[in-house]
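The values are calculated or read from the model by the stated rules, or taken from the named source; none is laboratory data. Remember, predicted model here, so these are calculated numbers, not experimental data. Neighbour counts are summed over all protein chains in view; Cβ atoms, including those assigned to glycine, are modelled from backbone coordinates with ideal geometry.
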Amino acid sequence: MRKWAFFLALAASSAGSAQAQFYKDKNLTFLVNYGAGGNADIEARVITQFIRKYIPGAPNLVVQNAPGAGGVNAMNTLGLNIGSKPDGLTMGYFTFGPITSIAEDPVLKVNVADYAVVGATKSFALTYGRKDIVPGMTKPSDIVKAKSVFIGGYSRASLHDTRLRLAFEILGVPYQMVTGFQTTSAINKAMVQNELSVTSSTLPGWTTQAIPQVVESGVGMALFQFPVIGRNGEPVGNPSLNQQGVPTFDQVYREAFGKPVSGPKWEALLLSNHLGTQMQRLIVFPKGTPPEAVTAMRAAFQELAKDPEFIVAFQRVTSEVPEIAPAEEIEPLLAKMRVVDPAIKKAIQESIAE
């Protein structure tokens, strides 16, 4: 037994030494698929402040922004090794949506399941809009009375835009998508100026930007949150938003129409949002990255998740407690996107194509 313990300790020591040598005196780039000042960028910069001490070899950390095509440009750039190599020195911190993968959209040139997964962070999303969408609007279900809405978005094939299209089609509210915005603040500015009437955001964007810019100014209000699939298969909302009185989409539908929501578009909305919520930020290396780099970063992120100083700093800038899921939770979700019900896939493909 002592002999086996000795060899196991020696192997662990050798692995740690190899990882330390791998990153020693090197630069590690976090590639972010949205612009500077956005939610993903802010989160990445908080992470780089604290994670270095958990990476063997303590590399220098750099955040590089590569916005475009609703976040897909950077995903292609990393996956196709454009301007970098799968050498463990460039990793993605991506705002992720499953829409392009489920729909097999040709804009996405890589198979997301081929990435070497480090982990992912989770975050719920909600929709908010101007109070004057409907004259005398006092509650979220009044939205179904709207004659038309102008919805702010980022890219047609993004989860953000697709969720909103599906939601308003299910509600039967005529809409026009105004897409191509680069940041949440730009959309909020357009909403305050009455150029847009509806958009959505993840919880950090809602708390740190939408509330002070849109809600506290008296311009807008929360309409509904996008639910995920609970353990019993039923839709469930975010506990924090539930406490704030923000209803889930299915609750708004039931109040407006007196019956539960159903149909392929609803199933498509629920599944795509569930996957996107569980993988709001996808943390990955490109295929072919050295195993010691992947192992080192997986361990570093799990140690980071327990760091009390990081948790306080992350919550201070995002108003959300960080929830970092390990690779073993994320890999099955990525694989699930390849075996989606044909009716759900069709609903998503039609939403993108219209």
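One residue stands out among those in segment 257-281 that are in contact with a helix residue (DSSP H, G or I) (Cβ under 8 Å, 6 or more places away or on another chain), touching a residue at least 60 places away in the same chain (Cβ under 8 Å) and not in a helix (DSSP H, G or I): the one that is surrounded by the most Cβ atoms within 10 Å (Cβ to Cβ), which is 279.
One line per residue, one yes/no per condition, for (1) touching a strand residue (DSSP E or B) at 6+ places or on another chain (Cβ under 8 Å); (2) aromatic (Phe, Trp, Tyr); (3) within 24 Å of residue 239 (Cα to Cα):
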position: 122; (1), (2), (3): yes, no, yes
position: 132; (1), (2), (3): no, no, no
position: 141; (1), (2), (3): no, no, yes
position: 180; (1), (2), (3): no, no, no
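Does residue 311 fit the bill of being assigned to a helix (DSSP H, G or I) and either surrounded by fewer than 19 Cβ atoms within 10 Å (Cβ to Cβ) or touching a residue at least 60 places away in the same chain (Cβ under 8 Å) (or both)? Considered against the rule, which asks whether it is assigned to a helix (DSSP H, G or I) and either surrounded by fewer than 19 Cβ atoms within 10 Å (Cβ to Cβ) or touching a residue at least 60 places away in the same chain (Cβ under 8 Å) (or both), residue 311 comes out as yes.
Taken together, the criteria place residue 79 among residues that are of a type outside the set (A, V, I, L, M, F, W, C) and touching a Pro at 6+ places or on another chain (Cβ under 7 Å). The criterion of being surrounded by fewer than 23 Cβ atoms within 10 Å (Cβ to Cβ), touching a Gly at 6+ places or on another chain (Cβ under 7 Å), at negative phi and of a type in the set (Lys, Arg) holds for residue 24. When restricted to residues that are of a type in the set (Asp, Glu) and over 29 Å from residue 22 (Cα atoms), segment 60-110 contains 2. Take the conditions (1) more than 20 Å from the chain's Cα centre (by Cα); (2) more than 13 Å from residue 151 (Cα to Cα); (3) not aliphatic (A, V, I, L, M); residue 195 misses just one of them, which is (2). For segment 85-132, the set of residues classified as over 27 Å from residue 197 (Cβ atoms), in contact (Cβ under 8 Å) with a residue 60 or more places away in the chain and polar (S, T, N, Q) consists of 90, 101, 121, listed by residue number. Once segment 82-114 is narrowed to residues that are modelled with pLDDT of 95 or more and touching a strand residue (DSSP E or B) at 6+ places or on another chain (Cβ under 9 Å), the residue that is surrounded by the fewest Cβ atoms within 10 Å (Cβ to Cβ) is 86. Working only within segment 232-249, note down all residues that are outside any strand (DSSP E or B), under 19 Å from residue 268 (Cβ atoms) and either out of contact with any Pro (no Cβ under 8 Å at 6 or more places or on another chain) or of a type in the set (Ser, Thr, Tyr) (or both). Correct list: 233, 234.
All of (1) surrounded by 15 or more Cβ atoms within 10 Å (Cβ to Cβ); (2) touching a residue at least 24 places away in the same chain (Cβ under 8 Å); (3) in a helix (DSSP H, G or I) hold for residue 254 with one exception: (2). Every test in (1) under 19 Å from the mean Cα position of the chain (by Cα); (2) not in a helix (DSSP H, G or I) is passed by residue 287 save one, and that test is (1).
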